[in-house]
Structures are given as C-alpha cells and as structure tokens.
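The values are calculated or read from the model by the stated rules, or taken from the named source; none is laboratory data. All values derive from a computational prediction rather than experimental measurement. Positions of Cβ are backbone-derived with ideal geometry, glycine not excepted, and every protein chain shown enters the neighbour counts. Ligands, DNA and RNA are stripped out before the accessible areas are found, and what is left, the full protein with its side chains, is counted by its heavy atoms. Shrake-Rupley method; radii C 1.70, N 1.55, O 1.52, S 1.80 Å.
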Amino acid sequence: MIKRVGIAVRLAFFIILAALGIAYTASEVFYQITYDSEIEDAERDIKELFQTVSSTASIAAFVEDEELVKEVVNGLVKSKKIKAAAFTSDKITYAANAEQLAGLTSQEFIIFNPFIQEEVIAKLKIYPDLNFIQKEAKNISSGNSLALYILAVFVTIAAIIICFYLITRPLVYVSRNLHDIEPGTNARLLIPKNQGNSEITGLIQDTNHLLTKVEEQFIKERGLRKEIEFLEQRFRMLFENARAPIVLLATDGEVILHNEAFELLLEKIGVDYDKSDVAFGELLVDLFEEPQDLVKSVEEAFARDEFATGEHKLKSFKEHVQVWVQVVVSPIEAENNKKFYQVTLNDISRRREELEALAKEAEYDALTGILNRNGGEKVIEKALFDKKAFALVLLDLNGFKQVNDVYGHDAGDEVLVFVAEQLKNTLRKQDIPVRWGGDEFVLLLQVDEFHRQTTTLIMDKVMEQIKQPFYFGENNEEVYIGFSAGVSFYPLTTNNMNKLLKLADVAMYEAKQFKHTNPEKYLFFADK
C-alpha cells in the first residue's frame, strides 16, 4: 500500500514555503529600496546643507574673509553625515579634518560671485561620512525587514488554520469516502454536517452526478465494446490486406502505422525497412527523386482544403528498376488536435511505361530512331522558351530520289538510317538531330557568339561522314549521297519558329542551286 502524505501537511508545507519565499523576496526588495532611499536622503541632505551655507560661502570668498570661511567649513563638519570639508579660492584655502581627506570620496560644489552669477570665485568640497551613512541605512533597512518577517509568520499561521477548517478537513472527508466507492456501482457520497450550501456541498453533489454518469457509461461501454472489437478486426483485415501501400505519418515524418504492401514496395526499390536507421522524412520525401514537386503539390492542395494527389517517381537502389506511384495524401486530425497524414501509394509503373512508349512512338521516327517532326517542334519550342541561342539547320539529301527510283525503297531506307546514325555520332551531345520528313533533316545546334564559324565546322564534319559511298545493285555500284543545308539563327535572325524554318528553307534552296555545279557550296546562311 502506498503511503500518502496528508493534504493538511502538504498544504501547510507549501503555505510556509510560499510565505518564506515571499517574505524573503519582499524583505530583500524592501531592504534594498530602504537602503537606497536612505543613501539618496543623505546625498540630498548634503546638498541642502550646501544650499544653506552657499550664500555665506559666496560672501566670504568675495570679501576674502578667512574667519567667515572657517566658520562655514567647521559648521559643515558638525553634521554626522559629513566627515570633512575643504574650501578653495584664489586667496583662501582651508580644510576641516584635513588629516582624513586621503582616500575619501568628495562632492564638489561651485561658489559663484554674489553679484555676477556666471563668475566662479571658489570651490567647496564636501566629504560624506560614508561609513556612518551606510550604517544608518543598514540599521533602518534591517529593522524594516525583521518587522516584515514577523508579520509573515503571523499571516502564515493564520492562513494554515483557516485553510485547515475551511478547505483541508472537508476535502479529506470527501477524498476518503470517494476512495471507497467502486465506479459503475450505485454507491454515492454523503454530505457532511454543517456544510450548508458551501462549495464542498456543490463538489459532493457534482461528484455524485458524475458517478451516476459513469455508471450509465459503464453500461453503454459493455454494449459497445463487442461492436468495437468486431469493427477493429474488420479494419485490420482491410488495412493489412490492402494491395496499395498505406502509411500513417506524424507531421515530423515518423511512421506511425503501415501495412505489408508498403514494405513490399520498399523491397521493390531496394530499401530495407527493418534497418534501425531508416528514415523517410516528412511526407516520405526521401523516397522520391524530386521531393520538391511532391511538397509543392501537397501544399497547394491543402491550401485549397483538398486532399493532394499526383504521380511521382521513387528513388530506386536497384539497377533497371523504375517505380512510379500515384500519391494520395490526406490530412487527419485526431481528437487531441494532433495532426497526421495518411499517404497511399498506388504503383502505376506499368501504365507509365506504356505512356512513355506511346509518347516515344509519337515523337520519334520509327525508321531512324531520332526525333520526328512532332518531337522536333517541341524541342524547338522549348529552346525558344528557354531563350538560349541556337542555330537551326534545314538539311535536304542530294541524290536520294535517284536511289529510291533505281534501287528501291529498301535502299532508300538504308540511306536514311545511315544518315541518322552519322548525325548522332558526329554531332555534339548538346546538339539534336530531327527527321523532318522524307529526306529532310533539321539540326538544332547550340552555338556561341561565333555562330557561323561554329556551325560551319560542325556541318563540315557531318558532310565528311555522310558522303561515304554506298554499294547497291547486283554489281555493287557506288552511289554517293550529299546534302544541301540552310541555316537560320535564334535570336540573331528571328525569334519566331515558323520564320526560322522558312528562312532556313530559303537558304537551303539557294544551296540546292550549286549541288551539281559546285557541291562544295552546300551550306548557306539566312539573311535577317
């Protein structure tokens, strides 16, 4: 059985403790206030003494009456608060108790000409008796503090007696009787005699009312407990067997609850959940390749008072494993106003792969494997949006029609594949080749201020690789393929995609005119 300390003892202890603390604090404050006040009074008394003798000292200095000066100075040192005094003028110097001046702190007063207020004719130094002043201040302060302590003792005793009869004894009665009552039964507290309509009576009546409510709640609880157990079993069955990973998170990222599907998802991307140092961050952001996108979408959705949803890619620690999930984040607020997040992760990797395959099919040329016109237009639009300088080269093959007509479309396809491969191998990493249609290609070249020189060097390398001989037909006849090219520049030529293409096309047709007569002039630049 636990041994309890009575409320009367504890109440008396804390009242005494509080009284001592308050008395100590108050006495210290009052002591300091009184002490400082006495010191200030002493300084004020000294100033008043000077004011009293200032007129006499002014006349004595003016008429150079040494006897009158001595009378003034000696009169000052008669005060218990003044240790010594010294008078100084051009003609007279006199000090009372001069042997005690060493080491004393003084207050200096200026004596003016009695007839000319601005003229200083002497100085009077007064040396306070600090020991006497401080001793007097301490005596007065100590007496006040002692009186305050005595008052605190009587107030404390009175407070303990009053609290015992008005509060402690009735509460002890209620506590002892309440301790013996078993919740859920019809036992109730009795009101003590001589309480009338006091707060203790109200407390007992409220307690009895509460006991009645508790008894009713016990009856209801017994009926609800079985239903809750049944619902909990169904919830656990649904939660644990859900195919989608579900996680309950605290706002600081702590995983409160998760199902088995979540661990399987982590295993799929190479994360061992059983490790003690595993942490996923707020909203599981450490699991995503671009966590800032997830956080932004969640903040925007919550600002609209909606649940957040979006598709995001997970980090993968396994080679050749890419996992995309549809993330659904719902805010949950518990009864204690504590907030949580419910995060559901639906694996959509297969659908993303299918969409990426469809997108690639829509934007890439099936024969050559490079971007088609649709994909090329998107790349050009993005380059215009990014406002980065580039050269747009429109390239048309020379001799391609004859290959198709003489050797067939398979031979033509072979030429197109070869040209695309040479473009991919020859161009720099930042340059982009596009099959524009038929035997036309567009090249997007990143250039600097030496745009024409850079473009010419790149296109010379391309021509060198493409003009290799082909061997077709039964006799392996040699066939050479060349090209004519026109170039326009962004933003130097224009900042409009259609105009860039049109100007490059005009320049390309200028080059076409020399494909037979002067094939070295294969490259022309568009005018502004």
Inter-site label distance for Glu66 and Ile167 at 7 Å from Cα along Cβ, in nm: 7.7 nm
Ranked packing of 85-94, 387-396, most packed first, by mean Cβ within 10 Å: 387-396, 85-94
Kyte-Doolittle at least 0.0, axis length at least 30 Å by Cα - qualifying DSSP helices, the chain: 7-63, 130-163
Segments 445-456, 501-512, 481-492 sorted - mean Cβ within 10 Å per residue, highest first: 481-492, 501-512, 445-456
Cβ crowding within 10 Å averaged over residues, with 35-42, 298-305 ranked highest first: 35-42, 298-305
Segment Asn186-Thr105, length gained on full extension (0.36 nm per residue, minus Cα span): 20.8 nm
Label-point gap, in nm, between Glu215 and Glu40 - each point 7 angstrom along Cα→Cβ: 6.8 nm
Protein accessible area in the chain, 1.4 Å probe - carbon and sulfur %: 54 percent
For the range 393-528: accessible area per residue (Å², 1.4 Å): 54 Å²
The chain, relative contact order [Cα under 8 Å, separation at least 6], %: 8 percent
Anchor Lys91: aspartates and glutamates whose Cα lies under 12 Å away (excluding residues fewer than 8 positions away in-chain): Glu64, Asp65, Glu66
Entries of Lys467/Lys512; Lys296/Lys387; Lys424/Lys502; Lys81/Lys135; Lys268/Lys296; Lys268/Lys313 with Cα pairs more than 18 Å apart: Lys296/Lys387; Lys424/Lys502; Lys268/Lys296
Length released on extending from Arg225 to Leu20, taking residue separation times 0.36 nm less the Cα-Cα span: 68.5 nm
Cα gyration tensor category, rounded, prolate or oblate, for the range 383-476 with a/c compared to 1.5: prolate
Lys378-Lys401 FRET efficiency (beta carbon distance; Förster radius 35 Å; 0.05 resolution): 0.75
FRET efficiency estimate (nearest 0.05) - Cβ-Cβ, Asn496 to Glu421, R0 41 angstrom: 0.80
Sum of -39500 (n - 2.57) over DSSP H runs of 4+, divided by residues of the chain (222 nm, nearest 500): -17500 deg cm²/dmol
Using a Förster distance of 30 Å, the FRET efficiency for Gln453-Glu414 (Cβ separation, nearest 0.05): 0.35
Lys123-Ile157 pseudo-label distance in nm [points 7 Å out on the Cα-to-Cβ vector]: 6.0 nm
Candidate aspartates and glutamates for bridging to Lys499, where Cα separation is under 14 Å - those fewer than 8 sequence places away on the same chain excluded: Glu377, Glu381, Asp527
Correct option for P(r) over Cα pairs in 10 Å bins from 0, in percent [calculated from the coordinates] among [x] 4, 21, 32, 28, 13, 2, 0; [y] 3, 15, 19, 14, 10, 11, 12, 10, 4, 1, 0; [z] 3, 10, 10, 8, 9, 9, 8, 6, 9, 11, 9, 6, 2, 1, 0: [z]
Links that overshoot a 25 Å alpha carbon limit, given the list Lys401/Lys521; Lys80/Lys138; Lys378/Lys521: Lys378/Lys521
